[in-house]
Amino acid sequence: MDESPESNCPMESKDSQATEMVLRLRLLSGREVEISLHEEATMAELRRSVEKALGMPAHLTRLFREEVEMAAPFDAKVAQCGITCGCALTCVTMASEEFLPVKLEHREQPIPKRLQLQRLVGRDAMWNCYDFRDLCTGDMVTVRFIQYFDQDDLAGSLTKEIYLLQQLNHENLLKLVDFLPPTTPDFNDFCLIVEHMETDLGQVLRSKQELTEEHCQYLSYQMLRALSYLHSAHVVHQRLRPRSVLVNRNCHVKLSELWDAQAMGGEASDEDTARWYRAPELILNNDWQAMPLTGACDAWGLGCILFEMYQRKPLFHSHDYVRHIANVVKLLGHPRHRTWTGCRWTVHAPSSLSCP
């Protein structure tokens with residue numbers, strides 16, 4: 001199944017030591033792909049390169065060299081495993097994998113054997129999140145678990161988020177990794193695997209972590225990139241808030257919570273969610289044909305988040321929509337009379353709104 005390493009590797013020279021080596025990946029179908037890998041790379045990096053080159057999940061791909069499966073630990077160096085420049089590795093894709101029951105939320109959930117439970121991360125509006133380590137690649141992943149999938153509104157929002165995660169592909173949007181089988185035939189619960197992110201911006205702002213000017217600029221830049229990609233796909237996030245901005249230690253940002261996203265030009269939802277970061281047109285607009293939904297509401301939410309990053313407190317702190325609009329008017333001034341056309345409430349004069 002393998003060939004002996006070539007004596008003259010294209011990446012090596014007698015005068016200088018090579019920093020990269022070329023490997024050949026073979027499929028049973030006869031397809032061959034070449035990849036380049038650093039000579040000090042680990043098995044985890046090799047598996048990630050194989051996944052990127054072949055478009056196959058790393059946990060479902062087995063690597064063979066000279067008819068022997070390479071089952072080395074993920075942190076082992078490829079040189080220690082006998083891989084040299086010019087090696088040919090045979091890749092075999094497995095149709096299924098073994099599942100073991102793991103206790104989540106007082107019930108057992110079938111989890112792939114390769115995943116090892118680390119800890120319960122926390123809970124948000126929809127999900128219970130658990131951190132797992134992939135023993136094949138060494139990477140951390142997050143398993144999101146939800147119950148009561150039989151509720152129509154909840155199931156519809158969840159279906160929307162899964163569809164968007166499957167269709168959208170951007171480095172600043174949360175990536176869907178895999179699905180897990182349901183625990184019961186009635187399908188009242190649901191599990192999926194997403195990229196691991198260490199925390200969210202809301203927890204960072206509530207902590208004592210110092211945010212410098214460079215931090216704020218870099219975080220804002222990545223959020224703008226994600227929103228630009230969403231808007232180019234005619235999708236409005238509509239739920240932008242610090243909790244929906246996931247961050248890592250390296251300040252890498254990924255937006256999540258897409259279950260409230262809407263098509264651009266459509267009608268916004270009436271849910272009382274993320275009120276402090278909700279644009280006035282989402283609250284007051286009563287005629288979505290006259291003023292359709294646009295990405296401006298996401299720009300408003302991003303501006304509120306940017307203020308909070310600098311001041312470490314919300315820009316608009318309110319207990320209901322009436323006080324929220326009053327705080328906006330107090331800060332930005334009274335709008336013109338024509339702006340009130342199509343508002344949900346009958347307002348006789350802008351001056352009737354006052355901040356409590």
Summed side-chain charge close to Thr42 - residues other than Thr42 whose Cβ falls under 14 Å, Lys, Arg +1, Asp, Glu -1: -3
Which of Ser256, Ser228 has the fewest other C-beta atoms within 10 Å, and how do the rest follow up to the most? Ser228, Ser256
Starting with the fewest neighbours, write out Glu66, Glu257 ranked by other beta-carbon atoms found within 10 Å of each beta-carbon. Glu66, Glu257
Violating pairs (Cα-Cα greater than 32 angstrom) within the set Lys77/Lys160; Lys113/Lys208; Lys103/Lys175; Lys254/Lys313: Lys77/Lys160; Lys113/Lys208
Ranked Tyr221, Tyr229, criterion: other C-beta atoms within 10 Å, fewest first: Tyr221, Tyr229
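Compare the peptides 301-311, 210-220 by average per-residue count of other Cβ atoms within 10 angstrom and give them in order, highest first.
301-311, 210-220
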Hey, any idea what the orientation-averaged projected area of the convex hull of region 20-93's Cα atoms comes to, in nm²? 4.2
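All of the numbers you see were taken from the coordinates with simple rules; none came from a lab. These numbers come from a predicted model, not from an experiment. Counting neighbours? That spans all protein chains shown, and the Cβs are built from the backbone with ideal geometry, glycine included.
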